[in-house]
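Student: Before we start, here is the structure in question, set down as structure tokens.
Derivation of every value follows stated rules applied to the coordinates shown; laboratory data play no part. No experiment lies behind these values; they were computed from the predicted model shown. Note that each Cβ is placed from the backbone with ideal geometry, even for glycine, and that neighbours are counted across all protein chains shown.
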Amino acid sequence: MGRRFAIPLIAAALAALWGAGLAFWHWQGGSSLFDRLEAPLADLRFVIQGSRPAPDGITILAIDDETVQQVGAYPLPRTTMAQLVSNVGRMQPKAVALDILFVDPGSADGDLALAKALGETRGVLAAAGLFERSAQQAPHPVSTAPDDLPMVQRLLLPVGTLASTSAIGVVNIATDPSGVPRHIPLLVRSGSQIIPSFPLRTVSVAMGRDPVLRADEVAIGDVATSTDSRYALALRFYGPSGTIRTISASDVLNGQADEDAFRDRIVVIGATVTGGGDAFPTPFDPVLPGVEVLATAMAHLVEGDGLVRDRRVRLIDGSVAIVLPVLFVLLLAWHRGIWGFAIITVVTAAWIGLTVAAFTQGIWLNATLPLLAALPPAVVFGAAELWLDRRRADRLSMQSRTLRRFQPPSLTRRLAEDPAFLMKPVRQKAAVIFIDLSGFTGLSEILPLDETREVLRGFHALVDQEAVRHQGIVASFMGDGAMILFGLPDSSPEDACHAVEACVGLCQRTEEWMAALPDAIASQIGFKIGAHFGEIIASRLGGDSHQHITAIGDTVNVASRLMEVAASHEADVALSDDLHRAAGEACSIFESGHLDGTFQTAIRGRSGSIPIWLWRRSRALNLMRWGSGDIHRSPF
């Protein structure tokens, strides 16, 4: 019992350690494997959730194909950019953010015009950080320390003429291995400087408030936005391209734009021109413009509606990653059948369903980590248990095959179906045959033990084969003899017929077997058969540690004594008239030998006499067997 519980408990403990290791790795952000597996599930949850209305406080001013066609150049000349900024500025936006890198000087007039236009409005210019690829894509350890912020190798800043007139923010976007934007790093380090992201700087300028950094969140004014590790903002897309209000820059240049779309709003100017290269695949759109990705982050900072994936959420992920494998292992230990697997399936579906429901509420629970933690231990433990079960089944099968050799097959099947079979004695009609080797006791005195065993083994084998062939059972082997019953485990009208046929078959097989023995052995032994039909009591006998099924009663005693009658009359078989009458036409089988008519004979130890029949397989053979020679003198 102790071992039975010890193995599942040890397996559960190992599963908990496995889950804890993965949870710690996830907490530390040590593997992109989780992100690779989680990404398609996150995209699926976006699709299930569907598009959401975008906030009204942000407008994208798109440098699109129509604008480029109108201006006749791309990138747009800086004088055109100056005109665009000036026209927007006159519509009184909260801030104008240019998602365009001005890292190289333009024409002197163009730079001055753009600087002047930016100076007349609250403008924000884009800078870009060059990161190592792993730092740009891989998750990071959970930390709020400034020293752990993403470090840029090189910072691409706007030219000095423009940088002096506007705030600056980094436009870098963190993608997963498939290229889908997942986070916006709100803060980066460049040397000893901490530089805000383009969305964070834009919203801060628009609201006229500096951001306040707290554990797992950034607050601007009264709006607090949850952040992931290292102040990374998890993106929660609103829908396909154009979900955030987008207006063509050509309308502003032509003076056809609706001023209400810009007044008191954050205006983000960026390129959506075909072939511009600044586009990302998302769950809703395979080519979402980069400017809309940044505008999405700005909307989160304004509304506080981004995805929540902070330390508390990661703690839930890790806790489930520890509990789930333990639960699966214990469920498999409890029940490896359909119910155990059904419960595991329900629990798995429930966790996935919970992650979907939480996602629609803006909480990003990791669907992959707990399943990745739970399924391998469950598979390994389940496979090990199946292997052990197979070994146990093989061992039990071998034991069963071995034990079946101690009981006739028909009894074995009946006991398997009805373990209480013959616990209460049963009276019934049955045919009983006794067969015994004569002269074997004396022979065993001179034969080596191994040869004695082989002789008995051959004799027992043929008796068992003939009994089974004629639908009888060997109730017991008694040294050089055996008792055969016809009527167990279930009686049949043909029991007497089968017994008569078995008598003839036993005679034939025994004579053939003796003929194959060495002359020195065959000349010393013979056989005799007694058979009777009547009422018996079938029951189990023995103690608590061992029982056997047998039959008792006068019918059994008479059948045993009839062997002596057969021997005294130099016959192969002595059968009672009761058996002869019960067998009826089946007794015609005796025509193959010599059958003496019925006569009365006394039975040793029993009062009175009974009518019997004697049968010899061959008169000529019996004359040879019971002739006057010493070697062939009757062993009976």
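Student: Grab the DSSP H runs of the chain that are 4 residues or longer, score each as -39,500 (n - 2.57), total them, divide by all residues and round the 222 nm result to the nearest 500 deg cm²/dmol.
Tutor: Rounded to the nearest 500, it is -14500 deg cm²/dmol.
Student: Right, another one. Using 0.36 nm per residue of separation minus the Cα-Cα distance, give me the extension gain between Arg36 and Met398 in nm, one decimal.
Tutor: 125.4 nm
Student: Additional query: Calculate, for Gln49 and Leu330, the FRET efficiency according to 1/(1 + (r/R0)^6) with r their C-beta to C-beta distance and R0 25 Å; round to the nearest 0.05.
Tutor: Step by step, r from the Cβ atoms, then E = 0.15.
Student: Report the gain in length on full extension from Glu259 to Arg90: 0.36 nm times residue separation, minus Cα-Cα distance, nm rounded to one decimal.
Tutor: 59.9 nm
Student: So if I take the centroid of the Cα atoms in the stretch 81-133 and the same for the stretch 154-233, what is the distance between those two points in Å?
Tutor: First find each Cα centre; the distance between them is then 17 Å.
Student: What percent do you get for the relative contact order of the stretch 409-625 when only Cα pairs under 8 Å and 6+ apart count?
Tutor: Result for the stretch 409-625 is 23 percent.
Student: What ratio of Cα Rg to 2.2 N^0.38 Å holds for the chain?
Tutor: 1.92
Student: Could you name the lysines whose alpha carbon sits less than 26 Å from that of Lys116, not counting residues in the same chain fewer than 8 places away?
Tutor: Qualifying lysines at Cα under 26 Å: Lys94.
Student: Of all beta bridges DSSP finds with both residues in the chain, what is the antiparallel percent, to the nearest 5?
Tutor: Close to 70 percent.
Student: Let me know the shape class of the stretch 409-625, please: from the alpha-carbon gyration tensor, a ≥ b ≥ c as square roots of the eigenvalues, rounded when a/c is under 1.5, otherwise prolate if a/b is greater than b/c, or oblate.
Tutor: In terms of gyration-tensor shape, oblate.
Student: Val356 versus Ser607, label points 7 Å from Cα toward the beta carbon: distance in nm?
Tutor: Here the modelled spin labels are 9.0 nm apart.
Student: Between Ala13 and Ser178, what is the label-point separation in nm under the 7 Å Cα-to-beta-carbon projection?
Tutor: 4.0 nm
Student: Over the stretch 255-344, what per residue volume does the convex hull of the Cα atoms give, in whole Å³?
Tutor: Looking at the stretch 255-344, the number lands at 192 Å³ per residue.
Student: Along each of its three principal axes, how wide is the spread of alpha-carbon positions in the stretch 214-302, in whole angstrom units, largest first?
Tutor: Result for the stretch 214-302: principal-axis Cα extents of 47, 31, 18 Å.
Student: Counting only C-alpha contacts under 8 Å and six or more residues apart, can you give the relative contact order of the chain as a whole percent?
Tutor: Once normalised by length, the contact order is 13 percent.
Student: Considering only DSSP beta bridges where both residues belong to the stretch 56-304, give the percentage that are antiparallel (nearest 5).
Tutor: So the antiparallel bridges amount to about 50 percent of the total.
Student: A further question on this structure: Only residues of the stretch 565-591 count here: report those whose backbone N is under 20 Å from the spot 7 Å along Cα→Cβ of Gln600, or say none.
Tutor: So the set is 565-566, 569, 575-581.
Student: Still on this structure: Test of understanding: what is the full-extension gain from Glu535 to Arg245, defined as 0.36 nm times their sequence separation minus their Cα-Cα distance?
Tutor: Stretched out fully, the Glu535 to Arg245 stretch lengthens by 94.2 nm.
Student: How many nm separate the modelled label positions at Met478 and Phe5, each set 7 Å beyond the Cα in the direction of the Cβ?
Tutor: 5.1 nm
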